[in-house]
Amino acid sequence: MVFWSFLYEQPIIQNVLSWILFFYGVVFPILLLLSVLGLRGFLEITRYESGKTFLYKLNPLTKIVFGIVVMIVASTTIWWIGAILTIVMMALYFTLTSGKRKFAYITILNIITIIGGTWGIAPYTPNSVLQMVFPNPSSYTTVWVWPSYFTVMGYEPQLTLQALIYGLQISFRITAVLDSALLLILTTTTSDIFRMFSKIKVPLAVTFSILVGLRTVPKIFELFDTSIKMQFVRGLGYNKPKIINAFYFLYAGILAIIPTMVYLLRGAKNLAISADTRGFRAYNSRTSFVELTIGKEDYIMFGVTIGLIVLDVLANLFGFGRSIPYVGL
């Protein structure tokens, strides 16, 4: 504590370290994404790959309902239920095609999300919110004192250990929802989603928008990855120390934004031409060769979903509900 007090009394050191901590929260998760997970890894967990296991056999509607219930349970119950759901969702990745590799990728993504989520919440959490979780303010441990002008960015004057713990707890709710959403994308074709939305009478324009989004997200990362690699092929970071490679990845990512946008805009034009050529929306309804049905796997998953709803109700009845608001919401 004496060492930290000494730093607080040195304005120059306090300002420099405060900005380092600020950029750590903003840049470090991005650096981990680019250098550890990599865009190719992110592409692997955002793109459908065929398989024959349990999740692939489920009706898309079942997976959507399950994902919505996971979101509700994670957001309305105590944080450790969200942590358990995160672990369960991660275990399901072993059942996918190339499951071990996808499990490794989702683990890295969760770590990045936890770091980014914790740091994105902790500095902004006021004591009035923390007191709902940690009732005794006198026991708070101050980790860092921000310069006074940091309050302009919404920072609290002090960063406490309790605020970091609170941010960590909230981040587990984020990872549970993220993992369940990616499971839907990884195990469901866009054609099946189209058939399912058509069957439940979702407007065709809405369905088309969702499908374009599902196909575009993996394409964005594929183009982004290619553009970054082209920067290194052209000599970016050549013969430079490996310790700063992550920063070159970040710089290459900034340079890759424009060519990625150009390719996407060209692709949007081609998509529009393709839709018009195939008579998109020429008729109010369309037939399908494949009829989606509800099988025994769906009934099992519906049972699990109902169990989660019961868990949510019981958790709130016995005092394990979310009694604290999210910061900024």
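The values are calculated or read from the model by the stated rules, or taken from the named source; none is laboratory data. The shown structure was predicted, so the numbers you read here are calculated from the model rather than taken from an experiment. In this analysis, Cβ positions are derived from the backbone assuming ideal geometry, glycine residues included, and neighbour counts consider all displayed protein chains. Accessible surface areas use protein heavy atoms only, side chains included; no ligands, DNA or RNA. Shrake-Rupley method; radii C 1.70, N 1.55, O 1.52, S 1.80 Å.
Among the listed pairs K63/K100; K199/K269; K57/K269; K57/K100; K57/K102; K63/K229, which are separated by more than 27 Å between their Cα atoms? Each step should come with its number before you reach the end.
Working: K63/K100 21 Å; K199/K269 29 Å; K57/K269 34 Å; K57/K100 20 Å; K57/K102 19 Å; K63/K229 35 Å.
Table pairs above 27 Å Cα-Cα are K199/K269; K57/K269; K63/K229.
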Where in region 70-104 does the label zone of I306 land, with the point 7 angstrom along Cα→C-beta and an amide N cut-off under 12 Å? none
With each label point set 7 Å from Cα along the Cα-Cβ vector, what nm distance links K240 and Y149? 2.8
For the ranges 97-105, 41-49, what's the packing order if you count other beta-carbon atoms within 10 Å of each residue, average per peptide, and put the highest first? 41-49, 97-105
For V202, other-chain or 5+-apart residues with amide H closer than 5 Å (H placed, Pro excluded) are none
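Summing Lys, Arg as +1 and Asp, Glu as -1, what charge do residues with Cβ under 13 Å from the Cβ of F221 carry, F221 excluded?
Net of charged neighbours comes to +2.
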So for the pair S139, I12, with labels modelled 7 Å out along Cα→Cβ, what separation do we get in nm? 4.1
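Show me 78-87, 15-24 ranked by packing, highest mean number of other Cβ atoms within 10 Å first. Write out the running numbers ahead of the final one.
Numbers: 78-87: 19.3, 15-24: 13.6.
Result, highest mean Cβ count within 10 Å first: 78-87, 15-24.
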Let's see if you can work this out: charge +1 on each Lys and Arg Cβ, -1 on each Asp and Glu Cβ, no other charges. What is the dipole magnitude of region 14-188 about its Cα centre, in debye to the nearest 20? 640
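Give me the extension gain from N127 to S98: residue separation times 0.36 nm, minus the current Cα-Cα distance, reported in nm with one decimal.
Details: separation 29, 0.36 × 29 = 10.44 nm, distance 4.53 nm.
Full extension from N127 to S98 adds 5.9 nm.
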Solvent-accessible area of V206 with every protein chain in place, 1.4 Å probe, in Å² to the nearest 10: 70
Between region 168-195 and region 17-67, the Cα center-to-center distance that results, in Å: 9
Rounded to whole Å², per residue accessible area for region 1-139 with a 1.4 Å probe reads 49
Any idea how far apart Y299 and W19 come out in nm if each label point goes 7 Å out from Cα toward Cβ? 6.5
Based only on the alpha carbon positions, what is the Kirkwood hydrodynamic radius of region 46-135, in angstrom? 15.5
